[in-house]
Amino acid sequence: MRILLEEAAAGDNPPVGFSLLPQQVEADYMAGPYYVSRRDGRLHMGFRVKPRHRNPSNVCHGGMIASFADMLTAITADDPEVPDLVATISLTIDYIGPTPIGAWVESTPEILHTTGRMLFMKALITADGAPVARCNAIFRIRHRKDRDAHQQP
């Protein structure tokens, strides 16, 4: 089944100031689509919970929240001062409460520390403003100049 961005985003009605995050693969459409906004100098990311995201209890599947937590790296990489993120090394999630269908899920990742090879991040994930999960992540990084040197012919 092929899903198009227009189909995936239908009825999302993101809050004012959010725009579609450029999706790279079809899985992004199924899991999201995701939206981003810059407020107060920080990047925020969100998505609208659709029926396709539900679990047997008719709330957002925990795996969807985990996918969203992993995608938060996409918006931290948008900052030119942040090195490229290469791979998730560790992602831990504490589920705090259920996320109903139709809720707006949002988070603003916070970078805790970077080293030459790793980035440490945390985030609180909310649904319509209520906390539903928190996550901690460690990512393997590579600096842009190193990446660009490898991509030249």
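What follows is calculated from the coordinates using simple rules that are stated; it is not laboratory data. From a predicted model like this one, the values you see are computed outputs, not experimental measurements. Positions of Cβ are generated from backbone atoms using ideal geometry, with glycine treated the same way; all protein chains shown enter the neighbour counts.
Which shape class applies to region 5-151: rounded if a/c is under 1.5, otherwise prolate when a/b exceeds b/c and oblate if not, where a ≥ b ≥ c are the square roots of the Cα gyration tensor eigenvalues? Could you put the intermediate results ahead of the total?
Details: a/c = 1.83, a/b = 1.54, b/c = 1.19.
Here region 5-151 falls in the prolate category.
Simple spin-label estimate for Asn58 and Ala130 gives 1.6 nm between the two label positions (7 Å along the Cα-to-Cβ direction from each Cα). Exposure proxy shown here: for Glu26, Glu106, the number of other Cβ atoms within 10 Å sets the order, fewest to most, as Glu26, Glu106.
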